[in-house]
Structure formats: structure tokens, C-alpha cells
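S.K.: Provided herewith is a single structure, encoded as C-alpha cells, for subsequent inquiry.
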Amino acid sequence: MQDLKLLRDSAAIKALGHPLRLKLLEELIREAASVQQLADRMREVHAKLFYHVKELEKNGLIEVVGEQQVNGITERFYRATARTFYLGQAVGRFSPAEQTVVSAVHSDLLRQRREQELRINHRAVAHELVCHALQVKPGARVVLEGASHQAELLEAMLLECRLAGAEGFLRLMNTSQIRQMLLELSPEQLATAPPFTTFLYSHTDLWVSLDAVTTTAAFADLDPAKVQAIMEGELKAYTQGPKRFAAVEIGYPTPERALELGMDYALMYDTFWRAISTPVTELACRGRELAAQLQAADHIRIASGADAELELRLKDGADVEINSGQLDYSRVSAERLSDLTLPGGQILFRPQPRSLNGQLFIPRYLHRGTEVQNIRLKFAQGELVAWEAEAGQETLRSLLEMVGNRVAVGKLGLGFNPNVPNLTGYKLLDPVAQNALGVMLVDPMVAEPLDLALPFWLYAENTILDFKEGGDV
């Protein structure tokens, strides 16, 4: 069943001109039913409803979803083909394209869903982000970066910045814009630090980016040298001049990202808004509890799905980092590309060198449109000694080779945001998913791994931590 269906065919629109068919469609949007069940429920004659059901089916408004034998007769069960139908066929000089109509209606439906069903107001979220999560101070210079489909939240945050006595600057960036630059500019142009971006990096206190790249697959067919060049140009702009601003990334999902991950966008959308609305105080309390358990533990056993289990030691009074969704300005550094990712709800800690042993199961990992499935990683004394994957082996091999000749676990993360119950495959929701274990893979020969590069993380779900105070595991 689709979330939304646009009816352009005149016969389909005409089919809904009968009030009884509208009532049938409403019933079949709620749940699947047979004609006999509909007749009993609506107190109508079976033969009469059968005719109207067949008209709805013929025009693609409902479909058969099951059959069963009742007294030798095959009884079919029907269901609506969408949760919401948009009736309309634009006429005139400025008739919008079908996808434009679908996108506009979809946006309105999702906004209504967020405000009425989830009871989440974007202005309230913007206030929480600006005043409590980011703690924007009077006089601060804030860059807010995102795409046009994220404008509602960006504009609300812009207003909240002004109310807090700060000044915000809105910078629009989207997938199609980046793709067009990659197509039309030369590698030399792309690798040059953009002057105004360089200026912004040098004169900004806080840089907030909503995840604007809707799908990594959008760049899969482009020249890899150009992709590398545009990253080099951005890094040059970042490294020139003072870089003491805080960088924040917010994982605002998109329909394209959901399609790429094979996930229902409405579910992904709901998950994001619930997660980003989780109070900072609630996450901070849970984070402190986990930190206390980690710091008191000498050994940890981590069990996950598919008979996978890791064992590791922690240093006495282990140093842990809590992402409660609140920016810690004392941790802002010149070397890190992101000082905070949102939604919050993750704790990070390092295993004692050479102490980690066992194996980890990763259900899936997506890289530039290629999915790696059912990964098994085997570790001995902290280093990766064997691996396998059911699909996407070459992609995983190339990623591991990028890490280094030797691969070790540099850091572990545990998600605890109660409003992200499962892994989604989305890089900015998975780290905070409840009981999701993240492993950061690094080259053990590099003292400070990948200063300005994004680290390589993999996530396992449904993990259980067993804390041990002293003694052997």
C-alpha cells in the first residue's frame, strides 16, 4: 500500500463519483476485507457491493491481497492501493507536473501528520534546538545550511537565533545543485577553496547542517576524481584561517534517502521528529547512568544477534563521551568536522588496547548506493582478523583497505535514544538507536586517526551489555 496516489486517469476519478464506492474505499483503507465482510459491515446486498468492488479494482483503487476457500467457493480479500488518494487533474497554462503535485501534497500530509498525530510543532523543536541543545548566545554568528525541503525547520531556527540575540545566515544546499557542479566544473575548479565559503568558515561561531544530500546514489555515476576534488576544495576552505566554530549535523531525512534504504518514508520521518524532540535532560540523565556503569566496569561482554559476542576491557575510570543532544563547547576543536550530531542519545568509549576479542554481526551497510549485507567481523586482540559478507563483498573490501593495512576498533558507541527503536540504515539515526552498538574501525598504526576525514562506523542492533566489576569475564 502506497502512502499517496495521484489519480490522473479520468476513469479512475469517475469511479469515485459514486458515494457507495467512496464508502467502500474508506473501509478498505482501514483494513483488508472480503465482499461478504463488507456487505455484513455496511448492511448492503452482496451482489450490489460486488459490482462496485470490481469497478474500484478495475481502476487500480483497490487490489486483491489474499484468498481463502469457504464452502468450496474462493473468497477474495481486497485492500486499498494507497492510504491517501489525491484527486485532481490540473488544466491551463501553468499546469504543474505530476511529481510536483505529489511532492506538494506529500509535504502537506507529513506536516499535518507531525502536528496533529505526533503533536510535534516545528517552532517548538527549533526553540529547543537553538536555546537548549545548541545554547546559542547573544552576538553569535550562526550558519544554517540545508535544502529547500528543510526550509520550514531552517526558517524557524533562523527566527529563534534572532530572538536569542544571535544572527543567522541561511545557506541552501541540495543534491541536484552539488550534482550539477560536479557535471559542469573541472576538477581544478572543484578542488579550489570557494572564497565566500572560506570567509564563512573563518567568521562563524556555529555551523548547523541539515543533511542536504538526499541520496549517495546520485553521485555513483559521476567521475570519482571530481567527487574527490570537491571534497578537497571544501577541506581547503575549512582549514584556512581560524576554525574554532562548533559544527553540528542534524539528520533530517528525505524521501530519496528512505527509498535508497528501502524504508517507508513516513516511518523514517516519524522516527526523526520523535527522536529530535526527546528532551535533552532525559537523554543526559540516561547518559550519566551508562557512563557510571562503564567507569565502574573492568570487563564488558557485548552480545548481539546471530550468535555474535564481543569481550573487552576498559581502563580504570574509563573516559567516556556522552552525546545527550547538547553541544559541549569545551569539546569544540579545530580538527573535527562535526562536534555534535543530532538527534542525540549515544555514549562513546574506548576499549583498552588489544583487549577486544570475539565477533560482531552487522545486518547491512550502505555505501554510495551499494548495499553490503550480513557482515561478520572477527576480532582478536583488538584487530580485525577475518571478515565475510553475503552481498557487497568488494565494496566492504575496498572500505576496509581505505582504513589501512591493519584494521582495529578505535572506539565503541552505544545508542540509547528511546524514540529510535531499531536500526534504519541511516547514518544519523543509527548511532542513537536504542541498544545499537557502533564500532569505529581505524588503522592501529596511526596515533590520531583521520583528523579531517569521516571515520568508518558499522552498527549492530539489539545488543546487550554485561558489565563486570573486576575479575575475568
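The values are calculated or read from the model by the stated rules, or taken from the named source; none is laboratory data. None of these values were measured; they are calculated from a predicted model. Here Cβ is always computed from backbone atoms with ideal geometry, including for glycine, and neighbour counts include all displayed protein chains.
S.K.: Here is a list: L144, L154. Which entry is without any contact (Cβ under 8 Å) to a residue 60 or more places away in the chain and in contact with a strand residue (DSSP E or B) (Cβ under 9 Å, 6 or more places away or on another chain)?
M.R.: Among L144, L154, only L154 is without any contact (Cβ under 8 Å) to a residue 60 or more places away in the chain and in contact with a strand residue (DSSP E or B) (Cβ under 9 Å, 6 or more places away or on another chain).
Condition check ((1) over 30 Å from Y265 (Cα atoms); (2) surrounded by fewer than 19 Cβ atoms within 10 Å (Cβ to Cβ)) across all residues:
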| position | (1), (2) |
| --- | --- |
| G17 | yes, yes |
| L25 | no, no |
| E31 | no, yes |
| Q36 | yes, yes |
| M42 | yes, yes |
| H46 | yes, yes |
| H52 | yes, no |
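S.K.: From the list A303, A292, which one is aliphatic (A, V, I, L, M), surrounded by fewer than 18 Cβ atoms within 10 Å (Cβ to Cβ), over 15 Å from the mean Cα position of the chain (by Cα) and outside any strand (DSSP E or B)?
M.R.: Exactly one residue qualifies, and that residue is A292.
S.K.: Restricting attention to segment 218-249, which residues are at pLDDT below 85 and among the polar types (S, T, N, Q)?
M.R.: T239, Q240
S.K.: For T424, are the conditions met, namely being part of a strand (DSSP E or B), under 24 Å from the mean Cα position of the chain (by Cα), closer than 23 Å to E128 by Cβ and hydroxyl-bearing (S, T, Y)?
M.R.: For T424, the condition - part of a strand (DSSP E or B), under 24 Å from the mean Cα position of the chain (by Cα), closer than 23 Å to E128 by Cβ and hydroxyl-bearing (S, T, Y) - is not met.
S.K.: At least 2 residues that are over 22 Å from T84 (Cα atoms) and modelled with pLDDT of 90 or more in each: list the helices (runs of 4 or more DSSP H) lying fully within segment 12-73 that qualify.
M.R.: 35-42, 46-58
S.K.: Take the conditions modelled with pLDDT under 80 and either in the same structural domain as K54 (by TED's automatic domain parsing) or outside any helix (DSSP H, G or I) (or both) and apply them to S95. Does it pass?
M.R.: Here the answer is yes, as S95 does meet what is asked.
S.K.: Can you find, within segment 169-217, the residue that is modelled with the lowest pLDDT among those that are within 18 Å of the chain's Cα centre (by Cα) and assigned to a helix (DSSP H, G or I)?
M.R.: In this case the residue turns out to be T216.
S.K.: Within the group T254, T197, T271, T175, which residue is of a type in the set (V, I, T) and more than 27 Å from D430 (Cα to Cα)?
M.R.: Result: T197 is the single residue among T254, T197, T271, T175 that is of a type in the set (V, I, T) and more than 27 Å from D430 (Cα to Cα).
S.K.: Suppose the filter is small (G, A, S), surrounded by fewer than 18 Cβ atoms within 10 Å (Cβ to Cβ) and under 15 Å from I178 (Cβ atoms); does A225 pass it?
M.R.: No; evaluated as a whole, the condition is false for this residue.
S.K.: Specify which of the listed residues (D339, D298, D319) is in the same structural domain as G382 (by TED's automatic domain parsing) and within 18 Å of S209 (Cβ to Cβ).
M.R.: D339
S.K.: Also, I was wondering about something else. Being over 22 Å from L312 (Cβ atoms) and not hydrophobic (A, V, I, L, M, F, W, C) is the requirement here; does E383 meet it?
M.R.: It is false that E383 is over 22 Å from L312 (Cβ atoms) and not hydrophobic (A, V, I, L, M, F, W, C).
S.K.: For segment 244-259, state whether one or more residues are assigned to a helix (DSSP H, G or I) and crowded, with 21+ Cβ neighbours inside 10 Å.
M.R.: yes
S.K.: Between a residue in segment 455-467 that is of a type in the set (S, T, N, Q) and any residue that is surrounded by fewer than 17 Cβ atoms within 10 Å (Cβ to Cβ) and at pLDDT below 85, which pairs come within a Cβ distance under 7 Å, given they are 6 or more apart or on different chains?
M.R.: Close Cβ pairs satisfying both conditions: N462/G305.
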